[in-house]
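Contents: one structure, followed by commentary.
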Amino acid sequence: MQLVCPAGNLPALKAAVRQGADAVYVGFRDDTNARHFAGLNMDDKQFDAAVAHIRQHQRKLYVAVNTYPQPKIWSRWQRAVDRAADHGVDALIAGDPGVLGYAAAHHPQMALHLSVQGSATHAAALKFYVERYGIRRAVLPRVLSLAQVKQVAASSVVPIEVFGFGSLCIMAEGRCHLSSYITGESPNLCGVCSPAKAVRWSDDADGLSARLSEVLIDRYTPEEPAGYPTLCKGRFLVGGKRFHALEEPTSLDTLDLLPELSAIGVEAVKIEGRQRSPAYVEQVTRVWRAALDAHRSAPANFVVKDQWRQVLAGLSEGSQTTLGAYHRAWQ
Amino acid sequence: MKLSLGPVLFYWDKEHLGRFYSDMAGLPLDVIYLGETVCSKRRAFSLDQWLGLGRELQSCSSAQIVLSSLTLIEAASELSSLRRLCDNGEVLVEANDMGAVQLLIERKLPFVGGPALNLYNGHALAQLLDAGMQRWVPPVECSQSLIADVLEQVRELGRPLPEVEIFAYGHLPLAYSARCFTARAENRPKDDCQFCCINYPDGMALTSQEGQPLFTLNGIQTMSADVTNLLADYPGLVACGADLLRLSPRAEGMVGVVQAFDQVRQGAMPPLCVDGCNGYWHGQAGMLRVEEVGLC
């Protein structure tokens, strides 16, 4: 299984390469990708350097152009596709049928990977993208149980990539408008969820309040650790009870499932987190490289080391991890 | 302007559905969407029963009947059901994921592109128009100007325009998950949900800790807390090229809703102000209401 790691900047890309990523995925510094955060992603110069570094170390470089363009700004997506193709990247990650159609027609030599934002969860949906755009890989949304991933992989006409570690979207990716409902900006159109500019912290009499567009997402007592107010991970009231009605602050970690994912025939495991620091990318890549190598050399004896778990738990949201939808009980 | 009745997004029992559609049968609706789009475990009606209801409705109204497909397909059994739905042989299908689109293309059938398909630009639309899409229901977060731009781009690409159907009334379907939030709120595992969402015919209200209404939990679907209502925006709906307005069923008051929209399309002055949110239509946060976007 290939290890695909995130890089929001050049130091993160170098860290991923150093620690043994097989492929690194990046985005351009604009709203053409789903991590359109201030100061993140690559301008022309950094992208050139990224391409050179990847070539020098004989790894793969994937470029995410995976938001949904609007007509007035379509040309920006077109330019992003052209730029990726001109640099001979190893794959373009996209979800919009318009972008995929443009890339397939104008750059047939460039491999296309269906982004998780395409929200294809079964064989018939994957067939649509294979037949029309010739995609060579599809990233599955984080909504499927392990048994369902197995079924999709077995019946799919295209190799599968799944998420292995990182922030957990609890909604089917590409099909969540919660952020734009509250803030006006969505992952699909703006490449952001719960954008930082909408966040306001205040020390109130009732505790530390985290707001998004003035909507209270969570409130913390002095003893409680406070997390970024991603709106699906706040505490709300339902039926008079206050709880994490959608999801707790937690990260997806599937190290335990590595043997099963390999047996299923999953082609690549993706680490989430282009918005994370180079140090984060370095540590996560190191653990996953070690785990994949251990599994490859002695599959029958594979066990998840405590030390790997500790490192990953320390890097997780709310210091806790979950198998997410892979584990049926989570659903 | 045509009026359509969207699929019932909540879980209502057989009697409730029967009562509801017999109320709707006498109303001036041009299109009625039937079928389960949220959760495959909800089985008040089988596919055959939906088709039977469609035939019944057609015998007493002139409305076009359309079957809507499940939005989030996960299990192999759901994919089989989707195939059967596409093979129904009688009525048009609303495709709510690309798998449904693929199956309908394979059958060389025309289809409606539902609001859960991510179609945000003319190039994407052109791809699906070439594949047989006749009607486009834009994602609910699209604004009036975005929809107008998309149609302009479709024209520039030399394609005939599809019919355009705007989600004009009801709780906005905002997100889909593997997790059932109604079961979670009741502390039940999804696999033993006891069909608890049937107890919430208008969904479960979710508010902030300060009591601000935010969302409506409807099984694996998260909806807006507020009902969207674009009746006061009627002139803009006409201007941007809408052919149909979708009214999404609620447990109470739908007869009045259909009548109010019907009166306005017959020429009555639209109200200056209505209850409900319309931020998306004006290119702002979806939860904002008419007065906040400067209509009143």
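The values are calculated or read from the model by the stated rules, or taken from the named source; none is laboratory data. Not measured: the values here are computed from a predicted model. A quick note on method: Cβ atoms are made from the backbone with ideal geometry, for glycine too, and the neighbour counts reach across all protein chains shown.
Comparison of A:Ser297, A:Ser277 shows that the only residue that is surrounded by fewer than 21 Cβ atoms within 10 Å (Cβ to Cβ) and closer than 30 Å to A:Asp31 by Cβ is A:Ser277.
Among all positions in segment B:106-120, there is at least one residue which is on the phi > 0 side of the Ramachandran plot and in contact (Cβ under 8 Å) with a residue 12 or more places away in the chain. Taking the criterion of being farther than 15 Å from B:Gln144 by Cα and crowded, with 24+ Cβ neighbours inside 10 Å, the only residue of segment B:272-290 that qualifies is B:Met287. Counting only strands (runs of 3 or more DSSP E) wholly contained in segment A:112-204, the ones carrying 3 or more residues that are more than 9 Å from chain B (Cβ to nearest Cβ), touching a residue at least 40 places away in the same chain (Cβ under 8 Å) and crowded, with 24+ Cβ neighbours inside 10 Å occupy A:160-167. Residues in segment B:38-53 that are within 18 Å of the chain's Cα centre (by Cα) and touching a residue at least 60 places away in the same chain (Cβ under 8 Å): B:Val38, B:Cys39, B:Arg42.
Total residues in segment A:205-219 satisfying the condition of being farther than 21 Å from B:Ala225 by Cβ and assigned to a loop (DSSP other than H, G, I, E, B): the figure is 2.
Listed here are the residues, each with its yes/no results for (1) surrounded by 23 or more Cβ atoms within 10 Å (Cβ to Cβ); (2) of a type outside the set (Phe, Trp, Tyr); (3) more than 19 Å from the chain's Cα centre (by Cα).
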| site | (1), (2), (3) |
| --- | --- |
| B:Trp12 | no, no, no |
| B:Ala25 | no, yes, no |
| B:Glu36 | yes, yes, no |
| B:Arg55 | no, yes, yes |
| B:Ser61 | no, yes, yes |
| B:Asp97 | yes, yes, no |
| B:Arg107 | no, yes, yes |
| B:Gly114 | yes, yes, no |
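Taken over segment B:193-238, the criterion of being facing another protein chain (nearest Cβ under 9 Å), touching a helix residue (DSSP H, G or I) at 6+ places or on another chain (Cβ under 7 Å) and either surrounded by fewer than 23 Cβ atoms within 10 Å (Cβ to Cβ) or more than 28 Å from A:Cys169 (Cα to Cα) (or both) is satisfied by B:Met204 alone. When B:Arg188, B:Arg159 are checked against the criterion of being more than 10 Å from chain A (Cβ to nearest Cβ), surrounded by fewer than 20 Cβ atoms within 10 Å (Cβ to Cβ) and either at pLDDT below 95 or under 23 Å from B:Val31 (Cα atoms) (or both), B:Arg188 stands alone in meeting it. B:Pro173 falls short on exactly one of the conditions (1) farther than 17 Å from B:Ala242 by Cβ; (2) surrounded by fewer than 24 Cβ atoms within 10 Å (Cβ to Cβ), and that condition is (2). When the criteria are applied in full, B:Leu67 fails the requirement of being away from chain A (no Cβ under 14 Å), in contact with a strand residue (DSSP E or B) (Cβ under 8 Å, 6 or more places away or on another chain) and either surrounded by fewer than 22 Cβ atoms within 10 Å (Cβ to Cβ) or assigned to a helix (DSSP H, G or I) (or both).
Restricting B:Gly256, B:Gly283, B:Gly241 to those that are within 14 Å of another protein chain (Cβ to nearest Cβ) and more than 30 Å from A:Ser194 (Cα to Cα) reduces the list to B:Gly241.
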